[in-house]
Amino acid sequence: MARQSDEFVMAWSSLHGLGDEAGWQAIPIAPASPLELQAGRRSPDNSEAVLLGFPSIRLSASDKLPEGQGFAVERIDPQGDNKLWLALTRKTAGSGDLFASMVSDVVGALDDAVIAGSNEQKLLHVFISRVGAWQEFMRKGLQALSPEAEIGLVGELAVLRSIIDAGVPAPLAIESWRGPLDAIQDFELGSGALEVKSTLSTIGFPAKIGSLEQLEDSVRQPLFVVSVRLKQATTGKTLSEIVAEVQCIVKGEAEAKRLLEERLLAAGFIDKHGDRYPRRFILANMRFLEVDKDFPRLTLGNVPTGITKASYEIDLDKTIGTAIEIDEALKKLGAMKL
């Protein structure tokens, strides 16, 4: 659970930086043991930050740290103790209120991981992955999801729930949900992948293919396109209600809960935007179509030489092939036993 942002705002307000002298001014805040936590300001720009001290682990010089439009993560050595210290710092152009919300959420995720018994290495992973989710959120923009993105997220959540209901453990199912992290396909399960396409159309099933790589199966096999047809109905559920249902499914599973929170954030969904999604949806049908040699697609291997990028649209209702049940698809992927 996220910490109260007042904890950090009050600490930052008590600090005034060092003027023109470069360096850090910081005060301890309630730790996420075994980590040390401090609220700080960096001079000379007087930027707010939260400082995390890891007592025994190290990062290599080549390890890349996340950076977003309004924040940066950097290695520092404020105490000269040669421990691994990381500073999550607000950039000058970043929103102070949004940064406070981000820090509260990230530190809250660390608190939850401590309660779950995570070791220091796991806490470092939780920190980097949670900040990475905020990086994706800020990259997508700070506004509510577009109507098209809303439909896409509803469809991906429907597929996620179907995977869990079919018997795949929730942490594994949510870890496989890679679409919010800007992966080529939406789910990477077993040896293969699932690409989810959602529509409200009642005539045909238009599916936008964003790149030549999206339906490429040379790296991950087999590849399935999952068509999710939705209908708007007063008896349906809003996006926020659908999110709440999935959250209820993973209640009590700390790792699944953490992963779900990160994926939703990276997808651009936050609770305070919930009232901006009034539409109600019901699932009309879901079809799993295997991408084989007869499936209509453009890839780097079948377009004329010289074409390096392309986006196009196909009608999934007109594709050749037989839809299969989710259990069979998961078995082919190696995500379930035969």
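Values quoted throughout were computed directly from the atomic coordinates according to the rules given, and no laboratory measurement underlies them. Keep in mind the model is a prediction, meaning the values are calculated, not measured. Note: ideal-geometry Cβ built from the backbone for every residue, glycine included; neighbour counts use all protein chains shown.
Kindly state, to the nearest 0.05, the FRET efficiency for ASP63 paired with SER201, given R0 = 45 Å and r defined as their beta-carbon distance. Walk me through the numbers before you get to the answer.
Numbers: r = 45 Å, r/R0 = 1.00.
Efficiency, rounded to the nearest 0.05: 0.50.
Specify which residue in the list PHE281, VAL303, SER201 is farthest towards the positive end of the charge dipole of the chain, using unit charges on the beta carbon of Lys, Arg (+1) and Asp, Glu (-1), about the Cα centre. Value computed over the given set: SER201.
What order do you get for MET102, MET1, MET286 when you list them from fewest to most C-beta neighbours inside 10 Å?
Arranged by neighbour count, lowest to highest, MET102, MET1, MET286 become MET1, MET286, MET102.
Among rounded, prolate and oblate, which fits segment 81-135 when a ≥ b ≥ c are the square roots of the eigenvalues of its C-alpha gyration tensor, a/c under 1.5 means rounded, and a/b larger than b/c means prolate? Taking the square roots of the gyration eigenvalues as a ≥ b ≥ c, segment 81-135 is oblate.
ALA149 label point, 7 Å along Cα→Cβ, cut-off 19 Å on backbone N: hits in segment 88-108? Those under the cut-off are 94-95, 98-99, 101-102. Modelled label positions at TYR312 and GLU213, each set 7 Å beyond Cα in the direction of Cβ, lie 1.9 nm from each other.
Would you please classify the overall shape of segment 1-77 from the alpha carbon gyration tensor, given that a ≥ b ≥ c denote the square roots of the eigenvalues, rounded means a/c under 1.5, and beyond that prolate means a/b larger than b/c while oblate covers the rest? Show your work: numbers first, answer last.
Details: a/c = 1.55, a/b = 1.15, b/c = 1.35.
In terms of gyration-tensor shape, oblate.
Footprinting exposure proxy ranking of GLU328, GLU262, fewest other C-beta atoms within 10 angstrom first, gives GLU328, GLU262. Model label sites at ALA233 and ASN285, defined 7 Å from Cα along the beta-carbon direction, differ in position by 1.5 nm. Taking a straight line from the alpha carbon of LYS122, these lysines sit under 20 Å away, with near neighbours fewer than eight places off in the same chain left out: LYS64, LYS83, LYS257.
A value for mean projected area of the Cα convex hull in nm² was derived from the coordinates, and within the list (i) 22.6; (ii) 19.9; (iii) 17.4 it appears as (ii). What is the Cα centroid distance between segment 185-235 and segment 242-297, reported in whole angstrom? Segment 185-235 and segment 242-297 have Cα centres separated by 13 Å. For GLU313, GLU245, GLU195, the sequence from fewest to most other C-beta atoms within 10 Å is GLU313, GLU245, GLU195.
When the listed pairs LYS231/LYS293; LYS293/LYS318; LYS91/LYS140 are checked against a 23 Å cut-off, the alpha-carbon distance exceeds it for LYS231/LYS293.
Rounded if a/c is under 1.5, else prolate if a/b beats b/c, else oblate: with a ≥ b ≥ c from the C-alpha gyration tensor eigenvalues square-rooted, which is segment 6-140? Rounded, since a/c falls under 1.5.
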